[in-house]
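A.B. asks: Here's a structure for you.
The values are calculated or read from the model by the stated rules, or taken from the named source; none is laboratory data. Just so it is clear, the structure is predicted and the values come from calculations on it, not from any experiment. A quick note on method: Cβ atoms are made from the backbone with ideal geometry, for glycine too, and the neighbour counts reach across all protein chains shown. To get the accessible areas, we keep the full protein, side chains included, count just its heavy atoms, and leave off ligands, DNA and RNA. Shrake-Rupley method; radii C 1.70, N 1.55, O 1.52, S 1.80 Å.
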Amino acid sequence: MRALIIGVGQCGTKIADLFALVNFEALAINTSKSDLEYLKHIPEERRILVGESLTGGKGVNANPVLGREAINRDLPLVMKKIGSMVGYSDVDIFFLTFGFGGGTGAGGAPVLAEALKEEYPESLVVAIGALPLKEEGIRPTINAAITIDKLSKVVDSIIAIDNNKLKESTEDISRAYEKINYTIVERIASLLALIDVPGEQTLDASDLKFVLNAFGSFATVGYAKAEANKVKNISRLILKSFENEGLYLEANIESALYGLVAIHGPPELLKAKDIFEALEYLTRKIKGKQIFRGFYPDPREKEIEVVTLLSGIYESKSIEDIVVAAKKYAHAFMKAKEEAETKKKELLTGLPDFDDIYPGEVDERFG
């Protein structure tokens, strides 16, 4: 299957750059010239600076209104570049990578998603976004909630990664962010690498597209990996991929409509009894009762890898926390703004005009 990665904004282009490192077709779009120059793996001809007349190439300072306008101004240029990359071969899925809390990504991703759905109606458009840390404060939280709302009306699925997982890391901040970004790429790349590959039971492009065509709801990619000689029962590894640690998103998996599981490892450890025991449990557990599965025995492998995908999720604590906090912040801000306007009006009401204080002055001086 064919996937095209489009990174929007600082966070999104960094993720897209990692996809390019593992040989995915990737495009980078940003309002910051220096951020585009920072990229290492996406070739220069696939980096697009948008909104330069608006921002001078210096970014939008987390302002999604400016981000939206920047993309809108140069949308024909962006779509032309995408068209040249697509060529005459169909694209199964466009993955838009971005940060929910930023300006260019939050403002521009919904605009681009809508344009892609219109131009390529047979392709899926899936958003992959990083949720802001709780400590980042008001603006990123409000940006994230509004962007979630806008994208849910346009894209087929939203794969959200909770950056609050950073706080569990003991590494320095740069490495912690890099690890989150790498995690996103590793999971998606591992999943796509197994699509249409011959196996005991094969997942094909239509299976993945069916699972991701989920009405703008949330999806999450789970992952578990272990050295083969340390795995006693593969069912435990499969279940681990669906747990909070494996998902990188606090979500109620029971609310999911669809699931997909790909298992890759040494043949002698892919025991039918253990695998089907775990899959039957998960099928009963999710609301939609549908789990597609792919089994890939490989005698060359020394590790077992399980990649899972859940979609059609409407219950997620990570998302709910963002939306509830955003409403609280937004209402408090609007109330403070209204109170300030009222105070200003009360303070200044009753002042005379200059003409009332200095009557006839113009006539006397220049008459």
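A.B. asks: Suppose the filter is under 30 Å from Gly137 (Cα atoms), in contact (Cβ under 8 Å) with a residue 12 or more places away in the chain, out of contact with any His (no Cβ under 6 Å at 6 or more places or on another chain) and exposed (fewer than 14 other Cβ atoms within 10 Å of the Cβ); does Lys271 pass it? I'd like the intermediate steps shown before the answer.
C.D. replies: Details: under 30 Å from Gly137 (Cα atoms): no; in contact (Cβ under 8 Å) with a residue 12 or more places away in the chain: yes; out of contact with any His (no Cβ under 6 Å at 6 or more places or on another chain): yes; exposed (fewer than 14 other Cβ atoms within 10 Å of the Cβ): yes.
It is false that Lys271 is under 30 Å from Gly137 (Cα atoms), in contact (Cβ under 8 Å) with a residue 12 or more places away in the chain, out of contact with any His (no Cβ under 6 Å at 6 or more places or on another chain) and exposed (fewer than 14 other Cβ atoms within 10 Å of the Cβ).
A.B. asks: Hey, can you tell me all the residues within the stretch 1-38 that are over 14 Å from Thr97 (Cβ atoms) and either crowded, with 24+ Cβ neighbours inside 10 Å or under 16 Å from the mean Cα position of the chain (by Cα) (or both)? Can you show your working first?
C.D. replies: Let us first name the residues in the stretch 1-38 that are over 14 Å from Thr97 (Cβ atoms), namely 1-2, 23, 31-34, 36-38.
Correct list: Thr31 only.
A.B. asks: Further question on the same structure: Any idea which of (1) in contact with a helix residue (DSSP H, G or I) (Cβ under 7 Å, 6 or more places away or on another chain); (2) of a type in the set (A, V, I, L, M); (3) modelled with pLDDT of 95 or more is the one Leu347 doesn't satisfy?
C.D. replies: The failed condition is (1).
A.B. asks: Could you check the stretch 39-128 for helices (runs of 4 or more DSSP H) lying wholly inside it with 3 or more residues that are open to solvent by less than 50 Å² (accessible area, probe 1.4 Å)? Give the steps one after another, and end with the answer.
C.D. replies: On the way: elements: 52-55, 64-73, 75-86, 104-119.
Fully inside the stretch 39-128 and qualifying: 64-73, 75-86, 104-119.
Conditions tested, residue by residue: (1) within 18 Å of Glu250 (Cβ to Cβ); (2) in contact with a strand residue (DSSP E or B) (Cβ under 8 Å, 6 or more places away or on another chain).
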position	(1), (2)
Thr283	no, yes
Phe292	no, yes
Glu301	no, yes
Ile313	yes, yes
Val324	yes, no
